[in-house]
Amino acid sequence: MSQSYQLAKAGLYFSAARGGEEGLPAEMKEAAAALLADLPPGTDLRIGRRLTGYDPLPHEVLMADSPAPFDYVFEASGAGDAAAEPLQVAIAGMARVLGDRIDRQTAAVFAGTEITITAGDGPVFVVMPLRRVPSLSHDDFMDQWFGRHAALGEKVEGVRYRQNHVDATATADLAGRVGLSFPPMDGLTESYFDVLDGALALLSREDVAVGAIEDEKRFIHHPTSQFALYETLWRS
């Protein structure tokens with residue numbers, strides 16, 4: 001597998017608390033712009049909102065009884081080891097601004113490293129927080145996911161695929177900063193597309209809808225993982 005690029009990354013994943021939806025995207029955009037002013041040059045911030053209204057994808061059919069996907073995503077990434085702490089501060093800052101508008105019973109955070117498996121970006125994207133098959137250790141999971149499955153992902157024509165590798169200590173520290181408690185993730189997959197129709201077409205293809213899913217079952221515990229498509233609302 002040809003590993004191409006690595007970034008420090010942190011993220012906040014949540015749904016709105018009851019009554020907290022009104023005006024939320026505008027508040028997130030305003031907060032993100034303010035946070036960006038204190039971040040190193042080149043930092044990438046992105047706000048995403050979950051897409052709905054399309055026929056369920058094969059992953060969504062498989063995971064119909066899994067935990068509900070998050071409605072909003074706020075992610076920060078940047079180059080260099082020194083970027084990690086400012087990114088985590090930005091995520092904590094967003095959580096502080098939104099306060100009780102976040103459903104804290106279901107929200108989660110991430111801190112770690114983003115690794116580009118196949119190059120490319122886009123305004124429509126998948127976020128898939130992963131939890132391992134119970135019989136595997138985290139190291140076993142990583143051997144399967146990064147050591148083997150990533151090479152399969154490289155072969156899927158048109159895919160723009162990234163793996164986000166969890167720093168468990170940093171993620172736990174970030175969760176403590178923002179007052180969250182959630183089942184630990186073993187990783188977080190993202191794929192990017194230009195338009196929703198393109199995402200639906202690729203994710204329904206046999207090599208993804210059958211081949212990739214069957215391989216995932218060897219190491220991903222789909223009943224405790226999550227999957228959703230998002231549209232980018234704002235990006236720095």
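Computed from backbone phi with θ = phi - 60° and the Karplus coefficients 6.51, -1.76 and 1.60, the 3J(HN,Hα) list for segment 52-67 is 9, x, 10, 5, x, 6, x, 4, 6, 5, 4, 9, 4, 9, 6, x Hz; x is used for glycine and proline. For segment 174-236, the solvent-accessible area with a 1.4 angstrom probe is 42 square angstrom per residue. Ordering Ala90, Phe193, Leu152 by the projection of their Cα atoms onto the charge dipole of the chain, which places +1 on the Cβ of Lys and Arg and -1 on the Cβ of Asp and Glu, puts Ala90 at the extreme positive end. Scanning residues 5 or more positions from Thr106 or on other chains, none has an amide H under 5 Å from its amide H, with H placed 1.01 Å from N in the peptide plane. Bin all alpha-carbon pair distances of segment 47-150 at 5 Å intervals from 0 and give each bin's fraction as a whole percent. Per 5 Å bin, starting at zero, the Cα-Cα P(r) for segment 47-150 comes out as 2, 8, 15, 18, 22, 20, 12, 4, 0 percent. Here the Karplus curve 6.51 cos²θ - 1.76 cosθ + 1.60, taken at θ = phi - 60°, turns the phi angles of segment 9-24 into couplings of 8, 8, x, 10, 10, 7, 10, 6, 5, 3, x, x, 7, 4, x, 5 Hz, with x standing for Gly and Pro.
Only protein atoms count toward the accessible area here, which uses a 1.4 Å probe; on segment 33-149, the carbon and sulfur part of that area reaches 53 percent. Computed from backbone phi with θ = phi - 60° and the Karplus coefficients 6.51, -1.76 and 1.60, the 3J(HN,Hα) list for segment 109-125 is 10, 9, 9, x, 10, 8, 10, 7, 8, 10, 5, x, 9, x, x, 10, 8 Hz; x is used for glycine and proline. Using only Cα coordinates, the Kirkwood hydrodynamic radius of the chain works out to 17.9 Å.
Of the residues Ser204, Ser15, ranked by 1.4 Å probe accessible area with the largest first, the sequence reads Ser204, Ser15.
Sorted largest first by accessible area at a 1.4 angstrom probe radius, with every protein chain in place, the residues Ser225, Ser181 fall in the order Ser181, Ser225. Of all stretches in the chain that contain no GluC sites (Glu not before Pro) in a DSSP loop with at most 16 other Cβ atoms within 10 Å, the longest one is 23-156. Taken along the Cα-to-beta-carbon direction at a fixed 7 Å, the label points for Asp173 and Asp207 span 4.1 nm. Sorting 51-59, 64-72 by average packing, meaning the other beta carbons within 10 Å per residue, from highest down gives 64-72, 51-59. The order of Asp167, Asp215 by accessible area, most exposed first and with a 1.4 Å probe, is Asp167, Asp215. Once the chain from Arg18 to Tyr54 is taken as fully extended at 0.36 nm per residue, the excess over their C-alpha distance is 10.5 nm.
The values are calculated or read from the model by the stated rules, or taken from the named source; none is laboratory data. Treat the numbers as computed from the prediction; the structure is a model and nothing was measured. Positions of Cβ are backbone-derived with ideal geometry, glycine not excepted, and every protein chain shown enters the neighbour counts. For accessibility, only protein heavy atoms count, side chains too; no ligands or nucleic acids. Shrake-Rupley method; radii C 1.70, N 1.55, O 1.52, S 1.80 Å.
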